[in-house]
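Colleague: Sharing a structure, written as structure tokens. Questions coming.
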Amino acid sequence: MSIHTFQPASPLAADGAALAQALRRAMVGKDSLIRVTGPAALTAVLWLARSGYQRAVLTAGSTVRSGEPADALLIPQPCSCEQLRAMLAHGDGLRAGGMLIVQIAKAQADGGPDDTAVALPALGFDVCGKLAEKGRTVLIARRAGSGGVEKAA
């Protein structure tokens, strides 16, 4: 019998310090409208509310497009590239320049075709950062079309 000390990645939502670090890295403030979706969303929304993020809202995957465009979309549990594509196909509800914070599934960070960081540009996001600790990987990406100075044709 062999004993392994490896523990599977816990959801980002279950680690307040890591969640706070991801929000700081993404420059998401306490006055930002944050949509939170996925199975661990309720845990994250409760932590956000207790921590002063009063505009954090729980959003079902099929309704992320409704209402005011968000400043950030948070997916605080391991998410495969395929799951992320499906969520974003319903509309991400993010404003141009809004931030996506997503914990990716372990197998999705290998540089292959299903690597979420590789797929994000095709989904309209520019990867800004990556946090890897405690067995989990979190990607931070900005929604393309941030409203910067446009080049004349």
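Colleague: Mind counting the residues in region 28-52 that are of a type outside the set (Val, Ile, Thr) and either more than 23 Å from GLY129 (Cβ to Cβ) or in contact with a strand residue (DSSP E or B) (Cβ under 6 Å, 6 or more places away or on another chain) (or both)?
Modeller: Within region 28-52, residues that are of a type outside the set (Val, Ile, Thr) and either more than 23 Å from GLY129 (Cβ to Cβ) or in contact with a strand residue (DSSP E or B) (Cβ under 6 Å, 6 or more places away or on another chain) (or both) number 13.
Colleague: Still on this structure, I have one more. Please specify each residue of region 20-43 satisfying the condition of being of a type in the set (A, V, I, L, M) and not in a loop (DSSP other than H, G, I, E, B).
Modeller: Passing the criteria: ALA20, ALA22, LEU23, ILE34, VAL36, ALA41, LEU42.
Colleague: While we're on this one: Can you name the residue in region 119-147 that is within 15 Å of the chain's Cα centre (by Cα) and part of a helix (DSSP H, G or I) and, of all such residues, is modelled with the lowest pLDDT?
Modeller: Looking at the filtered set, the residue picked out is ALA119.
Colleague: What is the residue count in region 124-136 for residues that are in contact with a Pro (Cβ under 9 Å, 6 or more places away or on another chain) and surrounded by 14 or more Cβ atoms within 10 Å (Cβ to Cβ)?
Modeller: Result for region 124-136: 2.
Colleague: Turning to a different aspect of this structure: Just give me the residues in region 47-72 being at pLDDT below 95 and assigned to a helix (DSSP H, G or I), in sequence order.
Modeller: Selection gives GLY61, SER62, THR63.
Colleague: Which of the residues that make up region 10-48 are crowded, with 18+ Cβ neighbours inside 10 Å and in contact with a Ser or Thr (Cβ under 8 Å, 6 or more places away or on another chain)?
Modeller: PRO11, ALA13, ARG35, VAL36, THR37, ALA41
Colleague: Kindly provide the set of residues from region 24-43 that are hydrophobic (A, V, I, L, M, F, W, C) and in contact (Cβ under 8 Å) with a residue 40 or more places away in the chain, ordered by number.
Modeller: If the condition is that a residue be hydrophobic (A, V, I, L, M, F, W, C) and in contact (Cβ under 8 Å) with a residue 40 or more places away in the chain, then ALA26, MET27, VAL28, ILE34, VAL36 are the ones that fit.
The values are calculated or read from the model by the stated rules, or taken from the named source; none is laboratory data. Predicted, not measured: the structure shown is a model, and the values here were computed from it. All Cβ positions, even for glycine, are placed from backbone atoms using ideal geometry, and neighbour counts span all protein chains on display.
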